[in-house]
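Take a look at the structure below.
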2 protein chains.
Amino acid sequence: MQQQISVITLGVADIARSRRFYGEGFGWEPVFDNEEVIFYQMNGLMLGTWLKDKLAADMRREGAGPGPYSLAHNVASADDVAPLIARLADPGGKILREADAPPHGGFRGYVADPDGHGWEIAFNPAWTIDAGGHVKFGV
Amino acid sequence: MQQQISVITLGVADIARSRRFYGEGFGWEPVFDNEEVIFYQMNGLMLGTWLKDKLAADMRREGAGPGPYSLAHNVASADDVAPLIARLADPGGKILREADAPPHGGFRGYVADPDGHGWEIAFNPAWTIDAGGHVKFGV
């Protein structure tokens, strides 16, 4: 079977607030949006932000959810990590962890979006990212 | 900025149980694994499964988390949806919603992995998936 993820859908409380975070923080442009859902074309998959009640109803799931998970956006150098974390705080992000060096190498910090979804902002010298944003294990 | 997601990391309670679900259910092969984390090379990004206490400590986050979110794996036809959902139930998945047709078209159902992370299994005729698994908005 294809090792393929087609969408990550984040439940959000307020579409406009979420759009501001992803638009002004990351600078990403939607490929589709209406009053309840926005899709962003990513590197070979879609990121969706959907009103959380609609998502919970669609997936027949209510309640607190399964606990920790994170999304990551990788940058080209260690020096790019802290400025992006600072930039994401401005349109409603909450810094969870300021950037520092993890034991396995590289450099990273964490920011929660306005709905609490956690993003790792990382430089990882052991992984390759091509010009189209495609991420590959190894160099 | 690149519209790029590099990793989705799911917190898991038991690495072996999680490996069985992704290996026997989806049939995916790890590109890296040790006693606390496994990485799967996906379509231009990585899927990580990491012991949940380690992930929570790394991201400086504790507690229930932000509520609903889902991952999706898309298949090539509506007829492929129900068999994959059934197959995922066998190695420890929990069916949240049996496959049916959503109002926006296509066909889909939801399965939670053994740690409760929700996967939508979907056929979406409005999106393109190439031979490498890369997903694009539109046809």
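Overview of values
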{"read-out": "Integer Hz, Karplus 6.51/-1.76/1.60 couplings in order for the range B:9-18, x for Gly and Pro", "value": "10, 9, x, 10, 8, 9, 4, 5, 5, 5"}
{"read-out": "Flagged links, alpha-carbon separation over 23 Å, of A:136/B:136; A:94/B:94; A:52/B:94; B:94/B:136", "value": "A:94/B:94; B:94/B:136"}
{"read-out": "For chain B, built as a Gaussian network whose Cα springs stay under 10 Å, the top-fluctuating residue of B:115, B:58, B:100", "value": "B:58"}
{"read-out": "Isotropic mean projected area of the C-alpha convex hull, the range B:73-139 (nm²)", "value": "4.7 nm²"}
{"read-out": "Cα-based equivalent ellipsoid, chain A: semi-axes from gyration tensor eigenvalues, Å", "value": "25, 18, 15"}
{"read-out": "Among beta bridges that DSSP assigns inside the range B:76-139, antiparallel share in %, nearest 5", "value": "95 percent"}
{"read-out": "In nm, spacing of pseudo-spin labels at residue A:82 and residue A:100 (7 Å Cα→C-beta vector)", "value": "1.4 nm"}
{"read-out": "Loop trypsin sites (Lys or Arg not before Pro), the range A:1-104, which have at most 16 other Cβ atoms in a 10 Å radius of their Cβ (DSSP)", "value": "A:60"}
{"read-out": "Fraction of beta bridges assigned by DSSP in the range A:1-114 that are antiparallel (%, nearest 5)", "value": "65 percent"}
{"read-out": "Per-q log10 I(q)/I(0), the protein assembly as shown, q = 0.08 Å⁻¹ (Debye; single scatterer per alpha-carbon; no solvent)", "value": "-0.29"}
{"read-out": "Whole-angstrom gap from the range B:47-91 to the range A:14-41, using each part's C-alpha centre", "value": "23 Å"}
{"read-out": "The protein assembly as shown: antiparallel DSSP beta bridges as a percent of all, rounded to 5", "value": "70 percent"}
{"read-out": "Chain A, helix-only ellipticity at 222 nm - DSSP H runs n ≥ 4, -39,500 (n - 2.57), divided by all residues, nearest 500", "value": "-4000 deg cm²/dmol"}
{"read-out": "Pairwise label distance in nanometres, residue B:136 with residue B:20, each label 7 Å out on the Cα-Cβ vector", "value": "4.1 nm"}
{"read-out": "Filtered GluC sites (Glu not before Pro), the range B:21-62: DSSP coil and at most 12 other beta carbons within 10 Å", "value": "B:35, B:62"}
{"read-out": "Residues with amide H under 5 Å from that of residue B:75, placed H, sequence gap 5 or more", "value": "B:122, B:123, B:124"}
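Rule-based calculations on the coordinates, nothing more; no lab input. As the structure is a prediction and not an experimental result, all values here were calculated from the model. For neighbour counting, all protein chains shown are included, and Cβ atoms are generated from backbone atoms with ideal geometry for every residue, glycine included.
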